[in-house]
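Heads up, the thing below is written out as structure tokens.
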Amino acid sequence: MLVTCMRLTRSIFLVYAGLFFLTSLSACIAAATEWTQDSFSKIMELGGAVGLLNLEIKATPAEIGTNGVATYLLYLTKYEHEHLSMLTASLVQEDDDSQELDLEITPLGALEFDHDTIQYAIDVPMEKVKAVNLLVNAVFLHITSPLPKELEQGEHQMLLWNGDAEPRTPYATSSASVSIRTPDPIITIDSSVGSKRNDNTVEFGPFNDVRAYTLESQPVAQGRVHFTYSRPVIAFVDYKRHVEVSHWGDNMATQDSILLRNVGPKLKGHFSRSLHMINMHMNPLAERVSQVQSLPLYLPSGAKDVYFVDATGNVSTSSLSPTPKMLGMPRRLDIRPRFPVLGGWNYSFTVGWNERMSQHGIARWNPAKPWRTRIAVPFLISPKTAAIDVANLTIALPEGATDIQVMLPFQVDSMETSTYPTYLDTVGRPIVSISRAKCSFMNSKVVFVEYTLPLSSYARKPLCVALAVLLVFFASAFVSRQVTPTQHMK
């Protein structure tokens with residue numbers, strides 16, 4: 001009993017020691033560098049289910065660490081953190097704005113005195129103590145919400161944004177501004193700080209001599225922007241891409257299975273087909289504002305044998321542009337559902353196509369390493385205003401592929417390898433499965449997969465098929481020899 005109590009006491013001590021170490025580490029990182037900000041410009045661009053944040057910061061560190069790096073702390077609200085899809089930071093050169101250096105971002109968790117503020121650490125390499133220009137970009141999903149939440153058929157939809165109307169930063173700032181941009185006219189603005197509207201832009205401030213956000217600071221003033229949105233609010237609730245690679249056929253087959261949902265204001269009451277037809281003739285804008293009637297998808301320029309089907313069959317109402325004459329130009333596919341997809345409705349469909357691996361840089365063979373191949377597979381395709389809640393990519397490599405290496409363009413939630421049996425396979429194909437939540441058009445980047453496919457793998461399938469045919473032939477010959485003449489006569 002005494003030994004058990006001692007072990008329990010030691011375990012509790014180790015847990016508290018670990019928590020104290022993590023807290024101390026976070027505090028040390030937070031206090032590593034003090035900055036003075038000359039300017040802080042925040043621009044939020046709203047559009048459907050996707051919102052873009054642009055931060056332009058000019059700041060000077062008080063000191064530089066022994067490794068020549070100064071740590072800059074970035075604050076986001078808890079709501080922004082929960083809806084964050086991607087966060088990047090870069091260092092812009094003063095003498096050349098076109099040159100940017102990507103910076104590493106580390107999440108540190110919530111502040112001790114304010115759990116609604118999440119902090120991130122950005123490591124900025126410094127040559128000497130001088131002002132730097134930081135550019136921070138973020139992508140948010142579902143950052144706006146429909147208001148009202150329900151609409152009758154043919155009514156205009158409106159979206160609501162809530163967020164900071166003044167800077168949220170741990171450093172003193174000389175001048176700052178906060179701007180909210182919307183694609184359509186703004187109806188109402190509500191904020192405790194001054195604001196002005198210029199066309200589709202709301203500007204809060206300007207702010208001069210802003211104090212650092214600390215424990216003694218006042219809560220950050222909140223803003224509220226209510227605006228119309230004349231396009232449907234689209235989300236891909238489930239996005240599954242399956243890719244099969246064939247060296248024999250010089251082909252890469254891609255198939256996308258998508259569950260689409262209109263996440264705008266839900267339909268109040270029942271849908272009227274007659275009212276829909278009348279509005280389409282008399283006032284088509286009233287119907288098209290909040291309904292998904294067409295969805296543009298841009299396929300690779302080398303896409304051929306394109307098909308687009310749903311649960312019923314071929315979606316004949318869709319249209320596909322011809323193969324582009326210019327190299328690199330995409331093929332536009334307009335998916336037109338069999339029925340208008342209203343707020344809260346779902347529609348599932350599948351799109352597939354083939355591409356030649358030897359064209360458009362899909363596959364590269366390394367002459368220095370025989371039988372070594374690298375293929376380029378896009379992670380997804382998506383309109384700019386569509387949010388992708390969950391995306392899954394599976395890549396089926398040729399049978400016999402070994403020494404598989406995957407190079408990812410961004411962080412993912414999970415990646416694993418398994419075996420995928422297909423037609424006429426013997427041991428099955430190696431398959432790479434990649435999953436990531438909270439995606440957008442910014443994730444339509446290329447995943448590189450490199451593998452080795454020896455010569456024996458090319459001959460495996462033909463030899464197995466030939467062996468199976470020979471076995472059937474000899475088996476039938478053996479059976480025929482066992483049949484007696486009497487049995488033949490009978």
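Values as computed for the structure displayed
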| quantity | calculated |
| --- | --- |
| In segment 196-229, the residues that are over 16 Å from residue 160 (Cβ atoms), of a type outside the set (A, V, I, L, M, F, W, C) and in contact (Cβ under 8 Å) with a residue 24 or more places away in the chain | 203, 205, 206, 208, 209, 211, 213, 214 |
| Checklist (1) at pLDDT below 90; (2) open to solvent by 70 Å² or more (accessible area, probe 1.4 Å); (3) of a type outside the set (Phe, Trp, Tyr) applied to residue 217, failing item | (2) |
| Residue list for segment 85-132, restricted to those being of a type in the set (Gly, Ala, Ser) and at pLDDT 90 or above | 85, 89, 90, 109, 110, 121 |
| Condition check for residue 113: more than 16 Å from residue 71 (Cα to Cα) and either touching a His at 6+ places or on another chain (Cβ under 7 Å) or without any contact (Cβ under 8 Å) to a residue 40 or more places away in the chain (or both) | no |
| Failed condition for residue 115, given (1) touching a Gly at 6+ places or on another chain (Cβ under 7 Å); (2) farther than 30 Å from residue 270 by Cβ | (1) |
| Selected residue (criterion: modelled with the lowest pLDDT) from residues of segment 322-356 that are more than 25 Å from the chain's Cα centre (by Cα) and closer than 25 Å to residue 245 by Cα | 327 |
| Out of 210, 225, sole residue that is over 30 Å from residue 431 (Cα atoms), touching a Phe, Trp or Tyr at 6+ places or on another chain (Cβ under 6 Å) and open to solvent by less than 50 Å² (accessible area, probe 1.4 Å) | 225 |
| In segment 184-214, residue farthest from residue 34 (Cα to Cα) [restricted to those that are modelled with pLDDT of 90 or more and out of contact with any Pro (no Cβ under 9 Å at 6 or more places or on another chain)] | 201 |
| Extreme residue, most open to solvent (accessible area, probe 1.4 Å), among residues of segment 37-53 that are within 15 Å of residue 184 (Cα to Cα) and part of a strand (DSSP E or B) | 45 |
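The values are calculated or read from the model by the stated rules, or taken from the named source; none is laboratory data. Note that the structure is predicted; figures quoted are calculated from it, not measured. Every residue, glycine as well, gets a Cβ built from its backbone with ideal geometry; the counts of neighbours run over all protein chains shown. In case anyone asks, the SASA skips ligands and DNA or RNA and just uses the protein heavy atoms, side chains included. Shrake-Rupley method; radii C 1.70, N 1.55, O 1.52, S 1.80 Å.
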